[in-house]
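What follows is a set of notes on a single structure, which appears directly below.
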Amino acid sequence: MANYRVQTPQRAYDAIVERGCIARIDEFLPARAGRIFVVTTSDVWGLHGDRVKKALGAREHQVLFFPGGEPRKRLAEVEALAEQMMEAGGDRGSLIVAFGGGIVTDVAGFLAAVFMRGIPVMQIATTLLAQVDAAVGGKTGVNLVAGKNLVGAFHQPLVVLIDPDVLHTLPEREYRAGLYEIIKCGVIRDAELFRVLADDRERVLAQDPKTVDAIIAGAVKIKAEVVTADEREGDLRRILNFGHTVGHALEAETGYTRFLHGEAVAFGMHAATTIAEISGRLSADDASAIHAVIRGYGPIPAVDGISAANLLARLGSDKKTVQGKVHFVLPVTIGEVAVVSGVAEAHVLEAIETALGQAVQA
Ligand code: GLY
């Protein structure tokens, strides 16, 4: 079992990485919790809902289903869930248990942030991506047509339960999509984690329990440290966006339907690594090691029909843009990154074109 403390001005809580920890839900519920709403998808509930039901025991709860899928991560779905909560007697004393992947944890977290101006949420992550990233750190929100997560709130949970046992039902593609966020953690802050991903690829892909637990714990530790240092992304937290600037553009450009978030981040990490190399910040050896590890967990979906110029044009509407300036998180060595603005447009275009080429070869 590993516990990582997240200490923010809003709330201090644990992210718990432990096989079987779903059974511990009741420990983290306030003794006098009001009505409990479990927000999930029918797929996740069908696979693992019995564990939650059992853990909630005699606690009365209502299960609300969210359709799932990135295109449904919209304000209209939040409104529909809030209406259902009202119909079921939800009030300021209610509590939400978000039970699912990153889309569920974002949507249910946002619902908790705005319902009655804010009620508590417990995050129980069931995909690798949610376990190592989305469920930890309090970012919640929904997409607009203009871009990803453009409406949202920081709403820190009561606790994050990360039970690697649930991953055995995860489709292999979604598992690999989560691995890209772990690669991200290695590149930005932990050369040893990167080394494990590079050297133990077979054990990682085979979901060897010891290896999986170790890499999840490594990523959650980094997330907890970074969020503790900078809850609101004023400074250090921006490093978690490695691969996300171009990744978000790719997701928006393809209508959130072709790429899983982690896959888009993989593409974006290729692009950022190339920018770092051609702008003289990263050695060719480190760049090729990063590209190789990303490729090693591929492939990502085909990129045909996607134009580098269109992706470049989309970078301006990402919310990481400050006063019109696009920021990139660029590796300077494995385990360390710099946040850079004012990257030459020619370098960005060249890097996106190279990433499109790399994706075709993968
Ligand atoms: N997913 C990036 C962050 O939580 O800041």
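Of the numbered criteria (1) within 16 Å of the ligand (Cβ to nearest atom); (2) out of contact with any Asp or Glu (no Cβ under 6 Å at 6 or more places or on another chain); (3) outside any helix (DSSP H, G or I), the one Ile119 fails is (1). Exactly one residue among His270, His347, His291 is outside any loop (DSSP other than H, G, I, E, B) and open to solvent by 50 Å² or more (accessible area, probe 1.4 Å), and that residue is His347. Here is the figure for the stretch 225-255: residues that are in contact (Cβ under 8 Å) with a residue 40 or more places away in the chain, of a type in the set (Gly, Ala, Ser) and more than 11 Å from the ligand (Cβ to nearest atom) total 3.
Taking the stated definitions as given, is Gly68 assigned to a loop (DSSP other than H, G, I, E, B), closer than 21 Å to Leu179 by Cα and either open to solvent by 30 Å² or more (accessible area, probe 1.4 Å) or within 16 Å of the ligand (Cβ to nearest atom) (or both)?
On the way: assigned to a loop (DSSP other than H, G, I, E, B): yes; closer than 21 Å to Leu179 by Cα: yes; either open to solvent by 30 Å² or more (accessible area, probe 1.4 Å) or within 16 Å of the ligand (Cβ to nearest atom) (or both): no.
So Gly68 fails the test.
Of all the numbered requirements in (1) within 16 Å of the ligand (Cβ to nearest atom); (2) surrounded by 22 or more Cβ atoms within 10 Å (Cβ to Cβ); (3) part of a helix (DSSP H, G or I), Leu197 misses one, and that requirement is (1).
Answer yes or no as to whether Arg203 is in contact with a helix residue (DSSP H, G or I) (Cβ under 7 Å, 6 or more places away or on another chain), open to solvent by 50 Å² or more (accessible area, probe 1.4 Å), within 16 Å of the ligand (Cβ to nearest atom) and at pLDDT 95 or above. The answer is no for Arg203.
Among the conditions (1) buried (at least 16 other Cβ atoms within 10 Å of the Cβ); (2) in contact (Cβ under 8 Å) with a residue 60 or more places away in the chain; (3) not polar (S, T, N, Q), Pro30 misses just one, which is (1).
Give the stretch 186-216 a look and list any residue that's closer than 19 Å to Thr126 by Cα and either touching a strand residue (DSSP E or B) at 6+ places or on another chain (Cβ under 6 Å) or in contact (Cβ under 8 Å) with a residue 24 or more places away in the chain (or both), or say none.
Restricting attention to the stretch 186-216, the residues satisfying the condition of being closer than 19 Å to Thr126 by Cα are 204-216.
Matches in the stretch 186-216: Val204, Leu205, Gln207, Pro209, Val212, Asp213, Ile215, Ile216.
In the condition set (1) assigned to a helix (DSSP H, G or I); (2) surrounded by fewer than 18 Cβ atoms within 10 Å (Cβ to Cβ), Arg51 is compliant with all but (2).
Scanning the stretch 77-96 for residues that are crowded, with 18+ Cβ neighbours inside 10 Å and either in contact with a Ser or Thr (Cβ under 8 Å, 6 or more places away or on another chain) or charged (D, E, K, R) (or both) yields a total of 2. For the stretch 128-188, the strands (runs of 3 or more DSSP E) that sit wholly inside it and include 1 or more residues that are of a type in the set (S, T, N, Q) and away from the ligand (no atom under 11 Å from the Cβ) are 139-144. Checked against (1) in contact with a helix residue (DSSP H, G or I) (Cβ under 8 Å, 6 or more places away or on another chain); (2) surrounded by 22 or more Cβ atoms within 10 Å (Cβ to Cβ), Leu170 meets all criteria but (2).
The values are calculated or read from the model by the stated rules, or taken from the named source; none is laboratory data. These numbers were taken from a predicted model, which means no experiment stands behind them. Methodologically, a virtual Cβ is constructed for each residue, glycine included, from the backbone with ideal geometry; neighbour enumeration extends over all protein chains shown. Side chains included, ligands, DNA and RNA excluded: accessible areas come from the protein's heavy atoms. Shrake-Rupley method; radii C 1.70, N 1.55, O 1.52, S 1.80 Å.
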